[in-house]
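Below is one structure, written out as structure tokens, with a few remarks after it.
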């Protein structure tokens, strides 16, 4: 059989295996394990969509927390029953039409994605007037603006109190379903002519312009797609942790995402996935540093905050000594895996 | 609003603006030479405040010893920061430098959390700064008057160094053309180290005065002033030292006056600064005192 068919069969097989593993965890896994797996899937979605702008287009975008926040709040406001909203908004009453709207989960997360996309469209005009450092600061600024708005616009977001008691709609099927869909969609985008144009813009924008590529259109496309998936992921996150507030989506969130895609390999979707998996699992594993380590003969006291120190050091070590990260710009491919296995058999 | 209140707010704005300007100078100097936004600059501010606290609390030094000591130590930290985080990436693409800067910033903040704790500490304001001046019906803290004065003195000192000494000439050359400066036999690493020393010391001075104005010190206190100082630097024209101070004054004044005129915006204060940044980048990206860049494409 030819390569195309083989790839399709192998991909379908992998998805079936994934479904099987998820089913096993869903049935027999502990709550803790399920929580980590959900986290993993959500971060995979976030990392892959963030990598689209930072890795493929080469623009340092520091405001994904804005899209995540918008997605989370939009979905939360839609799924909460009107009666609950009445109870929750004690400082200032919620504005119409949110008081009466009550939507099913699928609609809510799509609405979250769309809301984030609309916001991305609105800010894309100032953002893409500049490049490089300025783009970084402008996107960072918008991230902060959204956070300040969430804190201050109490009639919409309930201000610092946030929204709590959300229905825990997010389960393994939702989170991993979205993750797989995101990976497929973004990979298809990257392998299309749009993706090639984005890579051209990353390498040399002036040359790309000379070849007839309009940077704004392609950067806008990447920005909107990234915003959509970030918004959806934000909605999923909200219904996983069931409480959201403005302090959840600060620049620290962006920093974590940035570390994930840098360590995984800037420009590689597989790298983003690997980075997200490592982060979700490693983040939990590293909690051990913050509590007491009992080696039997000596007790090392836990140091709160050490986790972030290790993350920061890791990011800096990777960017200084191993700039390409784990995957560099390569992607995982079945060719590579089969070749490795064949070589292993022979030798 | 009466005239006296307006005058009071203007004085507050100038004072706040001079703090921003002082920190902005360091940003603009580093950017001028390295084309790098030093995200960790705001955290140097935080470090200086803590160093001053420890100087007086642990070593019992009077303020006129612990403050200069804190400034010197922060200057040295700035040099170390460059050596560790930026020097290895001299030949790397710009995005790597930016990421390293972000990483360094987070590292400094979280090291402070680990070693000092996240609980805010109080800053002992020396008694000499505690007076209040009564003037034309206004009550002004003496610190509010000292701050712009200190800023202007330091600015003049820096301008002297940059425009009247050989080292300054080398710094100006490096900001104009990095590669050629090397060819002229100038030790670029030394010049960069001196730039960081000067910029970080100014940020340290800003940090100590900030801590005297807002006496609560915590590991993340440098984030917002750092960002606003960057906005001030962009406002004035990034790379331009006088522009940084001018931008600082404008930003400080603008922030205070807008909130004074529209009190409902008080919660949105930080957002106002970012909106100013976005407007400036849209309409005059090179800032007030920068030269317009001609887009050759």
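Values computed for the structure shown
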quantity	calculated
Partner chain coverage, peptide B:86-95 - average Cβ within 10 angstrom	3
222 nm mean residue ellipticity, helices alone, for chain B (DSSP H n ≥ 4; -39,500 (n - 2.57); rounded to 500)	-24000 deg cm²/dmol
Percentage of interatomic Cα-Cα distances in the range A:92-136 larger than 15 Å	64
Likely footprinting exposure, A:334, B:63, A:96, fewest C-beta neighbours within 10 Å first	A:96, A:334, B:63
Fraction of the pair-distance distribution of the range B:184-287 above 23 Å, Cα-Cα pairs, percent	37
Cα coordinate range in the range A:35-182, projected on the principal axes (Å, largest first)	47, 34, 22
Distance-filtered residues of the range B:61-97 - backbone nitrogen under 19 Å, label point 7 angstrom along residue B:183 Cα→Cβ	B:91
Per residue convex hull volume, Cα atoms of the range A:1-80, in Å³	150
Kirkwood Rh and Cα Rg combined as Rg/Rh, the protein assembly as shown	0.99
Projected-area mean, chain B, by convex hull of Cα positions, square nanometres	17.0
Stretch gain in nm, segment residue A:340-residue A:317, where the contour uses 0.36 nm per residue and the Cα spacing is subtracted	5.4 nm
Solvent-free Debye scattering, log10 I(q)/I(0), computed from the Cα coordinates of chain A at q = 0.09, 0.12, 0.13, 0.15 Å⁻¹	-0.53, -0.93, -1.08, -1.36
Kirkwood hydrodynamic radius of the range B:1-89, Cα pairs, Å	15.2
C-alpha center-to-center spacing [the range A:239-276, the range B:119-164] in angstrom	41
Spacing of the two label points (7 Å from each Cα toward its C-beta) at residue A:203 and residue B:59, in nm	5.5
Between the range B:218-297 and the range A:1-69, the alpha-carbon center distance in angstrom	39
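Where a number appears in this text, it was derived from the coordinates with a stated rule and is not lab data. What you see is a predicted model; the values in this text were computed from it and never measured. Neighbour counts run over all protein chains shown; Cβ positions are idealised from the backbone, glycine included.
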